[in-house]
1. Checking the condition of a type in the set (A, V, I, L, M) and over 20 Å from PRO2 (Cα atoms), which residue from ILE65, ILE23, ILE58, ILE85 passes?
2. Which pairs turn up if I take residues in region 77-96 that are closer than 20 Å to TYR37 by Cα and look for partners that are outside any helix (DSSP H, G or I) with beta carbon separation below 8 Å, at least 6 apart in sequence or on another chain?
3. Name the residue that is farthest from GLY90 (Cα to Cα), counting only residues in region 1-48 that are of a type in the set (Gly, Ala, Ser) and surrounded by fewer than 12 Cβ atoms within 10 Å (Cβ to Cβ).
4. With the condition kept exactly as written, say whether any residue in region 50-57 is surrounded by 15 or more Cβ atoms within 10 Å (Cβ to Cβ) and either hydroxyl-bearing (Ser, Thr, Tyr) or modelled with pLDDT under 90 (or both).
Amino acid sequence: MPWVELGILSASSFQQGGYLFLIAFIYPVYCVLKNTYINKVGGLVCGIVALIASIAYISSKSDEIFGTAINVAGSGAYLFLISTIGLIIGVVLDKRIS
């Protein structure tokens, strides 16, 4: 999915460095795959870091061209933002969290 879209031009997360945002998902995904308890504070920190990074990324793609404000952030960036919100909700609602 494109992380930057401007008409016929687009760029993926690998071209934009978006794969670096996945670092915040390493701990929660590891705990899910190993079926172990996740530290609630650690999970929330990972989620909040990813949320701040994704919001900063999307807002950094706003610019003004010919007097009109545009945002060229693509659907991949917004999907990552939604998944980050899902991570935070999952950490908060998980009953197994220690």
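The values are calculated or read from the model by the stated rules, or taken from the named source; none is laboratory data. Here the structure is a predicted model, which means the values were calculated and not measured. Cβ atoms come from the backbone with ideal geometry, glycine included; neighbour counts cover every protein chain shown.
1. After ruling out the rest, the residue left standing is ILE65.
2. Note: pairs meeting the criteria are VAL91/ILE38; VAL91/ILE97; ASP94/ILE38; ARG96/TYR37; ARG96/ILE38.
3. Filtering region 1-48 for residues that are of a type in the set (Gly, Ala, Ser) and surrounded by fewer than 12 Cβ atoms within 10 Å (Cβ to Cβ), the one farthest from GLY90 (Cα to Cα) comes out as GLY7.
4. Scanning region 50-57, I find at least one residue that is surrounded by 15 or more Cβ atoms within 10 Å (Cβ to Cβ) and either hydroxyl-bearing (Ser, Thr, Tyr) or modelled with pLDDT under 90 (or both), so the answer is yes.
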